[in-house]
Structures are given as C-alpha cells and as structure tokens.
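A.B. asks: The structure follows.
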Amino acid sequence: MTQAASAPVLLVGPLLLFMAAFYAFPVLAMLARSVTDPHPTLANFAHLAGDGVFLHVFGTTLRTAFIVTAGTLFLGYPVALALSRMRPTAATITLVIVLLPFWTSVLVRSYAWMVLLGRRGLINEALRALDLIDAPLRLLNTPLAVNLAMIHILLPYMILPIASVLRQIDPSLPRAAAGMGATPWGAFRQVVLPLSMPGALAGTLLVFVLSLGFYITPALVGGPRDLMLSQLIAQQVDLLNWPYAACLSVTLLAATLVLLGATQVLPGVRGAFRLGTR
Amino acid sequence: MDGGLSPIAATRLGRGASVSLVDLEKRFEGVGAVRGISLEIASGEFLTLLGPSGSGKTTTLMMIAGFETPSGGDIAIDRASVVGVPPHRRNIGMVFQNYALFPHLTVAENIAFPLKQRGVDRGTRAVRVKEALALVRLPGYEARYPRQLSGGQQQRVALARAIVFQPRLLLMDEPLGALDKQLRESLQLEMRRLHADLGITFVYVTHDQEEALTMSDRIAVVNEGRIAQLGAPEALYDRPCDRFVASFLGESNFLTGTVRGMETGVVVAECAGAVLRGVAPQALAAGAAVTLSTRPERMRFADALPAAPGNRLRATVTEAVFAGERCRYLLRAEDGTMLVVKEPSSATTRRRAVGEVAELAWPVADTVVV
C-alpha cells in the first residue's frame, strides 16, 4: 500500500478503535443477550409478542412519534417557507431564533415545560388569576405534555432540512408559474411544494426516528401510564432484567433501521434522504 | 415544416397586443432603476430593449410582466392599464434568462402547465403540446426531463411553453445569454421565423447588440433608466443620436472639433487638422464644439478608391491586424485621435504597413453629429 492510500486508514484508525472498544462491543454484547440469555433461544422475542406491557408501550411510542412528526411538519413547514422568502438579514435573525432552543440542553427545555405545565405552573396560575378555572388542570405528566414538549424540542430538525431545500429552489420558478397563469396558491402547490418534498421527507424521517428513541422529555413531563420504549428499557436495566431490556433495544433498533431502509427503497423517497454520496 | 402555418400560428396571425409605456418609473430604495420610459409598441412588432447591465431594461420588462410594481407612470396593454393586475391575470408569455423550466416535470408537463392553469382538458393539452414542440422543432421530446436536454433544447422548451397558450404578447429576458455563439445565431434566426409565423408582439431584452440588430423591427437603446434612442436597426446604426448609442451599438470613430458653418443639413467642422462634413439633425452655431462619428467599416484608404468624394483625413497606421474576412487597422490622426478602419479583405488589396502615412476617405452621409 502506498503512503497516500494508507493515510486515510491511519487518520480514522484511532476513532475506529475507540468506537469498537467502547461502543460497538458493548452494544453487540447487549444485543447478543437478547437471544442467548439464559441459553440460546428466541423465546425472549416470542414472549415480547404476547406481552401486554410491551405492546402498550410500543403503541404509545409509535403514536407519540406520529403526533410529534405531524406536529413539527405542520408547524415547521410554514416557518421554513417564511425563512426562504425573507431578506438575508431577517432570515438570519429568524434562523437564530429557530436554532436558539437547539443550543439549550434538552434537560433544561424539559424542565422549562414542567415550570409551564405544573399544578402551580405558569399556565394554571394564569388561568386561575383570570378566574377561568377553580381547580388546577392536570397538564403535566400527560401525553399532551409529552407531545407539546417534544414538538417544541424537535422543531428545528424539521425546519432546517425543509428551509435548506426551499432556499435552493430557483426563485424564477414560482415567478414563471405566475407568469403562465398560476395563482399564488397554484404556484406553491404545483411547483414549490413538490420541489420541497425532499426536505420535508428528510425532516419527517429525522423527527420520527429521534422521537422513537426519546427518553429525557417523556421521563420528565410524561405520565407513569404512558411509558415510551426508551423509558421501559431504562426501567428494565434498573431492575437488572437484561434479556428483556436487550429485546426491547433490538426492537427499537430494528424499527429505526426498517424506516431508514424504506427511505432507500421507496420510489420518490430515494434521493430525498439518501445515505452516502450521490 | 413545409412552410405552411401551424394551427397555433394561423389563429394568431396579425393579432399581437399593443403595449404602451407612459413615463414609467421604478425606484429601488430610492435609487431610480427606470427613470421615465415612454414607448409605444405596435401590435405584432418585434421590439428589443438593448442596453448594458443595470440600464433598467430588465426591470422594465419585469414591470410589463407584472413581477415588479412601477413607482410611477403607466403600462397599458391593448390600451387598458395593467398596473395593479397580478402577473397570473395578464396572459403574457415569458421566457426567462435561465429558462425557468420546472425540474420535476417532463417536457410535456412543462409545456402543458399554462394550459392546465386555464382549465384546458387533458386531450386538448396533449394536442397543443405536440403542436408547440413541432413549432420549436423538438418533436417527440414529450417524456424527457429538462435535465436530460442541452441548453439549446431547454431554451426551445421554454419558448414552446411561453407560446402554447397563445398569448398575444411574448416577453423574453436575454433568452440566448447562456448559449454559445453558434447556437445563438441559429436561434436568432428561429426567433425571427417564429415571430413571423405567430404574428404576436415580441418584447426582447438583451445586451447583445448583434442580437438586437439581427432580430428586431425596432430597437430601444436603454441607458441609465431612460431610452437613449428608438428606431429601426438601420436607422440606429447609421444615425446614432449620441456618443453612447454610437459606441454601444457597433463600433464608432469619434472626431472632435469646432463648427465652421452649416450647409443644408450638413455641418462643416474643423477636426483633427482637416475640414470634415457630417449630417447634423439641427443647425449648429459657428465656433461651437462638435463630435462627428463614423463607423470603422465606412472608412477607406483614399488611394484604393477610383474617386473619393467626401471627407478626407491623413493618419498614420499604428497597428494592422488581418482577421480573415477583413483587415483591421488602427491609425493615429495628426491631432492624436485614434481611428479604427475595417477594410474588407481580398487577395488584391494592398496591406498597409505600420508607420505608413495614409489618407482616409469616407462619405459625408456616413458621418453624423453625436
């Protein structure tokens, strides 16, 4: 091997070794337990299929991921559209505002929601002061709180890819559409929207996959009856129930990989979010 | 095509829209881009707005299309003001500089786009798309995507899309700017043919004087937000009204001097140590400063002509370049004025050597006051 060809290997080598020792090995060892503990078997997974707790948690996780993805798409697309139409200065300021929560820790943002939604939180106190309610509403530790907080936290992941694609659309295209008789809505629906689909799909996938594995926010603002998959895994690890935790982890990983795989295979979605280079 | 008119063309013959611009103005943040343009464009005319970049020609076109709102003045299409009418209700065809083809649609879908907006049914759309493609000489390209076409082909698709809905006015913003010279020349001829076939009004924006001269019925030379001169290509070329037009539209030699007197429409002036005559649009007072302009290809070496009436001037050859179809000489007159002379080449013409003193001769009719 020439020096030039071996250089890249040498450069990434240390990181590869680190990852293998402290990430790949523990993860694989953990995953292996799902089929080897207590003895080589698939019984753990068979058990999972009939496990009411697991099915409830998996359902909650999927439902939350869907609601959060739909919420961020619905709220994020218009913001991305506005961003793409602003003058440079206004766009920069708006982008900073969008990114601000990005630079704040998820923990801090989740606590902020606790302050807002608590029994004696800002919302309840305000409603009481206005004499709209007598007793505080139960807002914290509900699915509503989880959905709200996660939508807020994950919004930038939806806005950024959409805005980036929208900004690459040649401004003469909607203009040409108008010149050919398309109404503003017609130009958007027939030209801008289809051309922005790659961004919307990328954002959707990103938010959905992140939602599936979300832990801190549901743990802090969610209710005890609405556990998400990652919470259940943590709980089982605490109970030292390793085979069960491993099975759950494999399920989460598989769901994520199936989604990523689908984006590589489905026509139209390909190219929208392609792993690797073009 | 067999020379007969296509159905799109036949229905449109002689039915172009008239456009009138009245004191049109556009300011961007206080800075005037268009500063009072008035222009009557006749039905079926091929009018070119010619000017350097930043002259306001594109802004004027964008205001006619409705993409920019005038800061002052009026735009009327077929005598009805369109100021305040959104672009999608103006029914104007437009070809953009970068073609603006929709990348996610096929050629057929691109061309059908304006028809779809007008509620034309699917069957009719297919027929009209086919017809438009034939008109721009791209038959059979329906299923391709824009990225699969060359620049020239994309340009034709953009053109087909702009005319398929039978607009009475077609606006074009430097549509040939991105193409190479040969393709540009062949498309120029095609635009002319298309204009003749369709009979609709063309308003064409370019900074390329050759393009303007080749295609237009009339040219409006735009400079600094105003029309410097308006006229037929020959008139503009032969009788430029000022120095800007004379140098922007083709090449010119300028000779400055003082007026001696007038002779029925002709000024007599002392320039570069000689007495020269030039066509003057108005009388000039004796003693006033004057600039005479002559095209390089209208000047000749006096000794090569059988009889050389008109203006004569002695000058020294400082540079001689053989450029195939012609020889290009650079000469210095006695007062230091530099002159360019383009002489058609032939095997029998004597080449002038650098340093040679020669007498130039050219007709008074080819000399104008600018």
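A.B. asks: With r defined as the distance between the Cβ atoms of B:K181 and B:E359 and R0 fixed at 35 Å, what FRET efficiency is calculated, to the nearest 0.05?
C.D. replies: Details: r = 36 Å, r/R0 = 1.04.
According to the calculation, E is roughly 0.45.
A.B. asks: Could you run the Debye sum over the Cα atoms of segment B:106-177, one equal point scatterer each and no solvent, and tell me log10 of I(q)/I(0) at q = 0.13, 0.15, 0.21, 0.22 Å⁻¹, two decimals?
C.D. replies: Relative scattering, expressed as log10 I(q)/I(0), comes to -0.33, -0.44, -0.86, -0.94.
A.B. asks: Expressed as a rounded percentage, what relative contact order does chain B have, with Cα pairs under 8 Å and six or more residues apart?
C.D. replies: Numbers: 793 pairs, mean separation 59.4, N = 370.
For chain B, the relative contact order is 16 percent.
A.B. asks: Now for a different question. Dividing the Cα convex hull volume of chain B by residue count, how many Å³ per residue is that? Can you show the working numbers first?
C.D. replies: Values: hull volume 68.0 nm³, N = 370.
Considering the Cα atoms of chain B, their hull volume per residue is 184 Å³.
A.B. asks: Summed for both chains, how many Å² of accessible area, to the nearest 100, are buried between B and A with a 1.4 Å probe? Display every interim value, and only then the final one.
C.D. replies: Details: alone 16680 and 16370 Å², together 31390 Å².
For chain B against chain A, roughly 1700 Å² becomes buried.
A.B. asks: Given a 10 angstrom Cα cut-off, can you work out which residue in B:L179, B:L169, B:L230 is the most mobile in a GNM of chain B?
C.D. replies: B:L179
A.B. asks: Now for a separate question. Give me, ordered by chain and number, the residues 5 or more places off B:T367 or on other chains with an amide H under 5 Å from its own placed amide H.
C.D. replies: So B:T367 has HN proximity to B:V279.
A.B. asks: Further, regarding this structure: So if each residue of separation counts as 0.36 nm, and I subtract the Cα-Cα distance between B:R243 and B:R122, what length gain in nm does that give? Intermediate values should be presented prior to the final figure.
C.D. replies: Details: separation 121, 0.36 × 121 = 43.56 nm, distance 5.49 nm.
Length gained, B:R243 through B:R122: 38.1 nm.
A.B. asks: Translational diffusion coefficient of segment B:326-370 at 37 °C, 0.692 mPa s, Stokes-Einstein with Kirkwood Rh over Cα pairs, in µm²/s as a whole number. Mind dumping the intermediate values first?
C.D. replies: Details: Rh = 12.3 Å.
For these conditions, the coefficient is 266 µm²/s.
A.B. asks: Length gain on complete extension for the stretch A:V96 to A:F25, per 0.36 nm per residue less the alpha carbon to alpha carbon distance? Walk me through the numbers on the way to the answer.
C.D. replies: Numbers: separation 71, 0.36 × 71 = 25.56 nm, distance 3.90 nm.
Between A:V96 and A:F25, full extension yields 21.7 nm more.
A.B. asks: Let me ask another. How compact and how long is segment A:52-276, expressed as Rg and Dmax of its alpha-carbon atoms in Å?
C.D. replies: 20.5, 67
A.B. asks: Give me the dipole magnitude in Debye, nearest 20, for the protein assembly as shown about the Cα centre, with unit charges on the beta carbon: positive for Lys and Arg, negative for Asp and Glu.
C.D. replies: Values: 59 positive and 48 negative charges, 215 e Å.
Once rounded to the nearest 20, the dipole reads 1040 debye.
A.B. asks: Here is a further query. Distance in nm between label sites at B:F254 and B:R350, each 7 Å beyond Cα in the beta-carbon direction?
C.D. replies: Here the answer is 3.3 nm between the modelled labels.
A.B. asks: Write down the Å³ per residue value for the convex hull defined by the alpha carbon atoms of segment B:85-142. Walk me through the numbers on the way to the answer.
C.D. replies: On the way: hull volume 5.9 nm³, N = 58.
Output value, Cα hull per residue: 101 Å³.
A.B. asks: Indicate the gyration tensor shape class of segment A:40-142 (rounded, prolate or oblate), computed on the Cα atoms with a ≥ b ≥ c the square roots of the eigenvalues: a/c under 1.5 is rounded; otherwise a/b larger than b/c is prolate and the rest oblate.
C.D. replies: Working: a/c = 2.64, a/b = 1.31, b/c = 2.02.
Cα axes put segment A:40-142 in the oblate bin.
A.B. asks: Oh, and also: Who wins for biggest fluctuation among B:T60, B:T316, B:T348 in a Gaussian network model of chain B, springs between alpha carbons below 10 Å?
C.D. replies: Per the Cα network of chain B with a 10 Å cutoff, B:T348 tops the list.
A.B. asks: Quick check on segment B:139-268: what are the equivalent-ellipsoid semi-axes from the Cα gyration tensor, as sqrt(5λ), descending, whole Å?
C.D. replies: Numbers: eigenvalues 295, 47, 27 Å².
The answer is 38, 15, 12 Å, longest axis first.
A.B. asks: Could you please report the charge total around B:V267, scoring K, R as +1 and D, E as -1 over all other residues with beta-carbon less than 9 angstrom from its beta-carbon?
C.D. replies: Details: positive: B:R260, B:R277; negative: B:E263.
After counting each charged neighbour, the total is +1.
A.B. asks: Return the carbon/sulfur percentage of the accessible area of chain A, one whole number, probe 1.4 Å, all protein chains in place.
C.D. replies: Values: 11330 of 15520 Å².
C and S fraction of accessible area: 73 percent.
A.B. asks: By how many nm would the segment from B:F28 to B:A323 grow when fully extended, if each residue of separation counts as 0.36 nm and the alpha-carbon distance is taken off? Mind dumping the intermediate values first?
C.D. replies: Values: separation 295, 0.36 × 295 = 106.20 nm, distance 4.45 nm.
Contour length minus Cα-Cα distance gives 101.8 nm.
A.B. asks: While we're on this one: Would you work out which of A:A202, B:F96, A:L227 lies farthest towards the positive end of the dipole of the protein assembly as shown? Charges go on Cβ: Lys and Arg +1, Asp and Glu -1.
C.D. replies: Of the options given, the answer is A:L227.
A.B. asks: At q = 0.10, 0.16, 0.17 Å⁻¹, what base-10 log of I(q)/I(0) does the Debye formula yield for segment B:1-143 when every alpha carbon is treated as an equal point scatterer in vacuo?
C.D. replies: So the normalised log intensities are -0.45, -1.02, -1.10.
A.B. asks: Follow-up question, since we're still on this one. At q = 0.22, 0.24, 0.25, 0.30 Å⁻¹, what is the base-10 log of I(q)/I(0) for segment B:270-329 according to the Debye formula with one equal point scatterer per Cα and no solvent? Please give it to two decimals.
C.D. replies: These q points yield log10 I(q)/I(0) values of -1.11, -1.23, -1.29, -1.50.
A.B. asks: Under 10 Å, Cα contacts only: if you run a Gaussian network model on chain A, which one of A:D37, A:D226, A:D134 comes out with the highest mean-square fluctuation?
C.D. replies: Of A:D37, A:D226, A:D134, the most mobile in the Gaussian network model is A:D134.
A.B. asks: Per residue, how large is the accessible surface of the protein assembly as shown? Use a 1.4 angstrom probe and give square angstrom.
C.D. replies: 48 Å²
A.B. asks: On to the next question. Under a plain spin-label model, where a point goes 7 Å from the Cα along Cα-to-Cβ, how far apart in nm are A:I169 and A:A49?
C.D. replies: Roughly 4.5 nm, to one decimal.
A.B. asks: Tell me the mean residue ellipticity at 222 nm calculated for chain A from its helices only (DSSP H runs of n ≥ 4, each -39500 (n - 2.57), averaged over every residue, nearest 500). All intermediate terms of the calculation are to be shown ahead of the outcome.
C.D. replies: On the way: 14 runs with 200 residues, N = 278.
Helix contribution divided over all residues of chain A: -23500 deg cm²/dmol.
A.B. asks: Related question: Report the percentage of all Cα-Cα pairs in segment A:1-91 whose separation exceeds 14 Å, rounded to a whole percent.
C.D. replies: Of all Cα-Cα distances in segment A:1-91, 82 percent exceed 14 Å.
A.B. asks: Would you work out which of A:A262, B:V266, A:I97 lies farthest towards the positive end of the dipole of the protein assembly as shown, given +1 charges on the beta-carbon of Lys and Arg and -1 on that of Asp and Glu, about the Cα centre?
C.D. replies: Positive-end residue among those listed: A:A262.
A.B. asks: Could you calculate the FRET efficiency of A:R120 with A:H56 from 1/(1 + (r/R0)^6), where r is the beta carbon distance between them and R0 is 30 Å, rounded to 0.05? Walk me through the numbers on the way to the answer.
C.D. replies: Numbers: r = 31 Å, r/R0 = 1.02.
Once rounded, the FRET efficiency stands at 0.45.
A.B. asks: How large is the charge dipole for segment B:326-370, taken about the Cα centre, if only the Cβ atoms of Lys, Arg (+1) and Asp, Glu (-1) carry charge, to the nearest 20 debye?
C.D. replies: On the way: 7 positive and 6 negative charges, 69 e Å.
With only Lys, Arg, Asp and Glu charged at Cβ, the dipole is about 340 debye.
A.B. asks: Please give the solvent-accessible surface of A:Y157 in Å², to the nearest 10, using a probe radius of 1.4 Å with every protein chain present.
C.D. replies: 80 Å²
A.B. asks: Which whole number in µm²/s is D for the protein assembly as shown by Stokes-Einstein, with the Kirkwood Rh taken over Cα pairs at 10 °C and 1.306 mPa s? Don't skip to the answer; put the middle values down first.
C.D. replies: Details: Rh = 31.5 Å.
In µm²/s, the coefficient is 50.
The values are calculated or read from the model by the stated rules, or taken from the named source; none is laboratory data. Since this is a predicted model, take the numbers as computed values, not measurements. All Cβ positions, even for glycine, are placed from backbone atoms using ideal geometry, and neighbour counts span all protein chains on display. In case anyone asks, the SASA skips ligands and DNA or RNA and just uses the protein heavy atoms, side chains included. Shrake-Rupley method; radii C 1.70, N 1.55, O 1.52, S 1.80 Å.
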